[in-house]
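**Student:** Take a look at this one; I'll ask things after.
The values are calculated or read from the model by the stated rules, or taken from the named source; none is laboratory data. Everything numeric here is computed off the predicted structure, so don't read it as measured data. Glycine gets a Cβ as well: all are built from the backbone with ideal geometry, and neighbour counts include every protein chain shown. Protein only, heavy atoms only, side chains kept; ligands, DNA and RNA dropped before computing areas. Shrake-Rupley method; radii C 1.70, N 1.55, O 1.52, S 1.80 Å.
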Amino acid sequence: MEANIRIYPLVSVVSVNWNQAEVTRLMLDSLQHISYPAVETLVVDNGSTRGDLSDISSIYSRTRLIRSEENLGFAGGNNLAFPNVEGKYILLLNNDTEVPPSFLAPLVSYLEENPHVGIVCPKLFFFDHQDRLQFAGATPFHPLTIRNKKFGFGETDQGQYDHIKEIGFANGACMLFRASLLEEVGNLYEGYFLYYEELDFCEKVKAAGYEIHMVPQSKIFHKVSFTTGKRSPLKTYYLHRNRLLFVRRNSRAFFHPWAACYFWLVVTPVSILKHLVKGNYEHVKALLNSIAWLRSHNSQEEEGTTINIKLTNPI
């Protein structure tokens, strides 16, 4: 696909760092070797209390550091960078990824050739098991359960997902979108703080009439555990809380009350019971705290009001 790009539009890579300076440097190292020639990189240091990135502008070409004195969360960190981007396209790239030299051109080329597509993403592979897929697309969310099917997780890549396809949402670890979408649909919603932000953004982009596609000619490597392991109580808290926020913000009118009922009457008690049976009492505490938060913010989120949330200890 690279040969199809006659003029290389500028891509603004945005990555958020929180206390992972060395991991971020490895991501920047990989970006220095990509074949796509028109790239700027903005790293948001999101209230880090350890690790120094102050020298990256002098070490890495076309790289800028944006410093936040507080942790603004995934959405807030990315939003802080958006007013400073100059590219036609914006690439959200997790700092715990590394990219091969040829990963970017197929994504840019596809957006250039398909104006009805708003967001594209590559195939994601586990960094420590580079023949194993982490993400090769997903179906849209079911309007009642807010569940969906993800493709490829843990599978050995044998070309079974080597076809471009429309997907329900892109993976926030690496997603390329038109910068003009920020004018059309707005920034990432900061009320989530952790998890669901890119899903919410994808829903807004689809509502604006665009499609989201997975382009398998592009791939990256993501430093997450191949075996999922136990969730931390912090992750349990935000995943449970944000699932209902997502319902409030994105459910269609008819399904909204039914999806909320399903969340409160099925998802919540089942989640608590599972952790009680396993003796995961810190996770039970996290779930109860997420419920308390949701009840205290019952109406504000439905109006899309941004609630100022800092990463204190919610559990």
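**Student:** Could you list, in sequence order, the residues of region 22-56 that are open to solvent by less than 10 Å² (accessible area, probe 1.4 Å) and of a type in the set (A, V, I, L, M)?
**Tutor:** M27, L28, L42, V43, V44, L53, I56 - these are the residues of region 22-56 that are open to solvent by less than 10 Å² (accessible area, probe 1.4 Å) and of a type in the set (A, V, I, L, M).
**Student:** Looking at region 103-145 only, could you name the residues that are hydroxyl-bearing (S, T, Y) and touching a residue at least 40 places away in the same chain (Cβ under 8 Å)?
**Tutor:** Selection gives S109, Y110, T145.
**Student:** Looking at I66, I59, I90, which is the one that is among the aliphatic types (A, V, I, L, M), open to solvent by less than 50 Å² (accessible area, probe 1.4 Å), at pLDDT 95 or above and over 26 Å from K206 (Cβ atoms)?
**Tutor:** Answer to the selection: I66.
**Student:** Give me the residue from region 113-150 that is of a type in the set (D, E, K, R) and in contact with a Lys or Arg (Cβ under 9 Å, 6 or more places away or on another chain) and, out of that set, surrounded by the fewest Cβ atoms within 10 Å (Cβ to Cβ).
**Tutor:** Per the criteria, the residue is D128.
Table: residues versus (1) more than 16 Å from the chain's Cα centre (by Cα); (2) within 20 Å of V205 (Cβ to Cβ); (3) at pLDDT 95 or above.
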{"position": "L107", "(1), (2), (3)": "yes, yes, yes"}
{"position": "E113", "(1), (2), (3)": "yes, yes, yes"}
{"position": "I119", "(1), (2), (3)": "no, yes, yes"}
{"position": "P122", "(1), (2), (3)": "no, yes, yes"}
{"position": "T156", "(1), (2), (3)": "yes, no, yes"}
{"position": "D162", "(1), (2), (3)": "yes, no, yes"}
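**Student:** Another question, if that's okay. So D128 passes all but one of these: (1) at pLDDT 95 or above; (2) closer than 22 Å to N17 by Cβ. Which condition number does it fail?
**Tutor:** (1)
**Student:** Being under 22 Å from E70 (Cβ atoms) and either modelled with pLDDT under 95 or open to solvent by less than 20 Å² (accessible area, probe 1.4 Å) (or both) is the filter here, so list the residues in region 1-17 that pass it.
**Tutor:** Correct list: V14, S15, N17.
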